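Undergrad: Next up is a structure, given as structure tokens.
The values are calculated or read from the model by the stated rules, or taken from the named source; none is laboratory data. Because the structure is predicted, anything quoted here is derived from the model rather than measured. Cβ coordinates were reconstructed from backbone atoms using ideal geometry, including for glycine residues, and neighbour counts include every protein chain displayed. In case anyone asks, the SASA skips ligands and DNA or RNA and just uses the protein heavy atoms, side chains included. Shrake-Rupley method; radii C 1.70, N 1.55, O 1.52, S 1.80 Å.
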Amino acid sequence: MADIVAIVGRPNVGKSTLFNRLVEKKQAIMDDKSGVTRDRHYGYSEWNGKHFTVIDTGGYVKDSDDIFEKEICVQVEVAIREASVIFFMVDAREGITDQDKEFANVIRKANKPVYVVVNKADSSTLIHASGEFYSLGFDLVFPVSSVSGSGTGEILDDLTAHYIAEDSGESAGDLPGIAIIGKPNVGKSSLLNALLGEERSIVTEIAGTTRDSINTRYNLFGKDFMLVDTAGVRKRAKVKEDIEFYSVMRSIKALQDSDVVLVMVDATQGFESQDMNLITLAHRYKKGIVTLVNKWDLVQKDTKTADTLKKEINEKLGPLDFIPILFISVLQKQRIFQAVEKAMEVYENLHRRIPTSELNDVMLGVIKDYPPPAIKGKYIKIKYITQLPTRTPTIAFFCNLPQYINTSYQRYLENKLRENFSLAGAPVKLIFRTK
């Protein structure tokens with residue numbers, strides 16, 4: 001099950017401050033738009049070698065006449081349903097309020113692990129007084145100060161010890177897991193249906209761990225993998241914002257449970273910040289990635305249009321420009337099976353093992369042609385290279401002064417690795433150690 005921690009509570013208790021601390025100041029934020037109706041953030045957090053997604057929600061105000069507050073309540077309830085752990089934040093200075101008591105009843109119905117995070121406990125008096133929050137009926141009560149960070153280490157130690165699973169790097173079962181994610185209305189559902197619509201007799205549907213989620217086995221044309229379905233957005237609310245919120249949450253869970261992520265982009269809208277944020281989060285979770293620019297049939301184009309757009313996307317991707325980009329039309333079934341081929345290629349790259357002899361033959365020659373720049377008159381000599389036995393490609397470079405390898409040279413080495421070995425779409429980590 002995907003590990004998602006939702007930070008919830010009434011307004012102005014410090015949820016966003018804690019969120020920023022957990023994700024180290026807006027790390028991998030997926031949606032950050034002004035205004036209370038869109039006041040929600042998604043981020044990546046790591047502690048004790050385990051990683052998880054953190055969701056910041058708006059303040060919960062039940063039975064409000066304010067249309068915005070009603071919408072926030074719906075989004076908070078969605079977050080509670082979809083999260084694996086709940087951080088229920090309260091205010092140590094104000095003590096237990098009637099709103100806290102009412103909201104505790106809402107949370108209790110979810111029947112999930114709940115941490116009562118007593119924020120603003122920035123004095124010994126308030127820390128001792130936080131014991132009153134046990135009366136809310138939850139066993140895990142932690143006094144913290146989101147501003148200073150006091151107490152956050154203790155709560156994260158407990159969280160990762162008991163509720164955050166080790167990342168095995170495998171999707172459900174032994175088959176590769178491929179997730180289709182993207183903004184609403186980019187064609188996720190249509191792509192899924194187009195891929196599975198030919199010969200349903202050899203397709204089996206397997207119920208997922210989350211409500212409404214169906215993981216579908218695809219075994220056509222010599223390919224065999226699980227499609228992690230993010231297409232089923234439950235339109236239980238009338239407000240469009242709620243539908244989008246649910247869609248993004250489902251995409252996060254599918255992303256975490258997959259090996260390779262197909263990020264769908266709407267060609268008529270261009271490559272937007274939300275597309276970039278989804279790719280960034282997938283990369284942080286060390287997933288293989290393919291970008292699919294859908295609705296290509298609706299774009300007026302000439303022979304240079306695809307190259308121009310690909311260049312624009314790569315410029316926005318920056319260091320992530322190793323991700324394959326395909327221009328498809330689900331409606332016209334243009335290149336959709338090439339997308340499957342590319343996804344499986346990226347899966348192979350994700351698990352590629354490069355023989356040490358090949359690594360040294362190629363990369364030592366590359367390094368000889370362009371050696372690391374000297375720092376403070378000291379020359380850096382890289383003597384040996386090997387791939388470590390990790391889930392995703394991790395290459396270790398042994399040298400005399402690893403601390404002096406700068407970022408630009410690391411980028412150069414990564415580019416050369418990708419030029420000489422099949423690593424398209426796969427994250428690559430470089431490690432520099434003393435020989």
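Undergrad: Please determine, by comparing only the residues of the range 283-318 that are within 30 Å of Gly49 (Cβ to Cβ) and of a type outside the set (Val, Ile, Thr), which one is farthest from the chain's Cα centre (by Cα). Talk me through it step by step, then tell me what you get.
TA: Here is the first cut: in the range 283-318, the ones within 30 Å of Gly49 (Cβ to Cβ) are 283-291, 317-318.
Restricting the remaining residues to those that are of a type outside the set (Val, Ile, Thr) gives 283-288, 317-318.
Details: His283: 7, Arg284: 6, Tyr285: 6, Lys286: 9, Lys287: 9, Gly288: 12, Leu317: 16, Gly318: 18 Å.
Only one residue tops the list, namely Gly318.
Undergrad: For the range 287-307, what are the residues that are touching a residue at least 40 places away in the same chain (Cβ under 8 Å) and either more than 22 Å from Leu423 (Cβ to Cβ) or β-branched (Val, Ile, Thr) (or both)? Write out each step before concluding.
TA: Keep residues of the range 287-307 that are touching a residue at least 40 places away in the same chain (Cβ under 8 Å), which gives 287-290, 292, 294-295.
Listed by number, the residues that qualify are Ile289, Val290, Asn294, Lys295.
Undergrad: So which of Pro355, Pro402, Pro372 is farther than 27 Å from Leu281 by Cβ, surrounded by 15 or more Cβ atoms within 10 Å (Cβ to Cβ) and within 31 Å of the chain's Cα centre (by Cα)? Steps first, answer last, please.
TA: Details: Pro355 fails: surrounded by 15 or more Cβ atoms within 10 Å (Cβ to Cβ); Pro372 fails: within 31 Å of the chain's Cα centre (by Cα).
On inspection, the qualifying residue turns out to be Pro402.
Undergrad: Kindly indicate whether any position in the range 338-347 is in contact with a Gly (Cβ under 7 Å, 6 or more places away or on another chain) and open to solvent by less than 60 Å² (accessible area, probe 1.4 Å). Before the answer, list the steps.
TA: Residues of the range 338-347 in contact with a Gly (Cβ under 7 Å, 6 or more places away or on another chain): 346-347.
Applying the additional criterion that residues be open to solvent by less than 60 Å² (accessible area, probe 1.4 Å) yields 346-347.
Yes, that holds for at least one residue.
Undergrad: Need the failing condition index for Tyr285 against (1) modelled with pLDDT of 90 or more; (2) in contact with a His (Cβ under 8 Å, 6 or more places away or on another chain), just the number.
TA: Exception for Tyr285: condition (1).
Undergrad: Considering only residues that are free of Cβ contacts under 8 Å to residues at least 60 places away in the same chain and not in a helix (DSSP H, G or I), look in the range 247-286 and name the one that is most open to solvent (accessible area, probe 1.4 Å).
TA: Gln269
Undergrad: What is the residue count in the range 195-226 for residues that are at pLDDT 80 or above and open to solvent by less than 10 Å² (accessible area, probe 1.4 Å)?
TA: 2
Undergrad: Suppose we filter Glu348, Glu414 for residues that are closer than 26 Å to Leu175 by Cα and acidic (Asp, Glu); which single one remains?
TA: Working: Glu414 fails: closer than 26 Å to Leu175 by Cα.
Residue meeting the stated conditions: Glu348.
Undergrad: Restricting to the range 410-435, give me the number of residues that are within 24 Å of Gly377 (Cβ to Cβ) and surrounded by fewer than 19 Cβ atoms within 10 Å (Cβ to Cβ). Write out each step before concluding.
TA: Residues of the range 410-435 that are within 24 Å of Gly377 (Cβ to Cβ), as a first pass: 410-413, 432-435.
Filter once more, so that each one left must be surrounded by fewer than 19 Cβ atoms within 10 Å (Cβ to Cβ): 410-412, 433-435.
Matching residues across the range 410-435 total 6.
Undergrad: I'm trying to understand the selection: among the residues of the range 97-120, which are touching a helix residue (DSSP H, G or I) at 6+ places or on another chain (Cβ under 6 Å) and part of a loop (DSSP other than H, G, I, E, B)?
TA: Correct list: Ala110 only.
Undergrad: For the range 386-399, which residues satisfy the criterion of being under 24 Å from the mean Cα position of the chain (by Cα) and either crowded, with 17+ Cβ neighbours inside 10 Å or within 19 Å of Tyr370 (Cα to Cα) (or both)?
TA: Thr392, Pro393, Ile395
Undergrad: Now, a different point. Among the listed residues Val114, Val118, which satisfies the condition of being at pLDDT 95 or above, surrounded by 21 or more Cβ atoms within 10 Å (Cβ to Cβ) and touching a Pro at 6+ places or on another chain (Cβ under 6 Å)? Break it down stepwise before answering.
TA: Numbers: Val114 fails: touching a Pro at 6+ places or on another chain (Cβ under 6 Å).
That would be Val118, the only listed residue that is at pLDDT 95 or above, surrounded by 21 or more Cβ atoms within 10 Å (Cβ to Cβ) and touching a Pro at 6+ places or on another chain (Cβ under 6 Å).
Undergrad: Let me ask another. Which ones in the range 396-428 are touching a residue at least 60 places away in the same chain (Cβ under 8 Å), of a type outside the set (A, V, I, L, M, F, W, C) and touching a Lys or Arg at 6+ places or on another chain (Cβ under 7 Å)?
TA: Ser422, Pro427
Undergrad: Related question: Let me confirm something: among Gln332, Gln338, which residue is among the polar types (S, T, N, Q), over 28 Å from Tyr404 (Cα atoms) and either modelled with pLDDT of 95 or more or not in a loop (DSSP other than H, G, I, E, B) (or both)? Steps first, please.
TA: On the way: Gln332 fails: either modelled with pLDDT of 95 or more or not in a loop (DSSP other than H, G, I, E, B) (or both).
Criteria check complete, one pass: Gln338.
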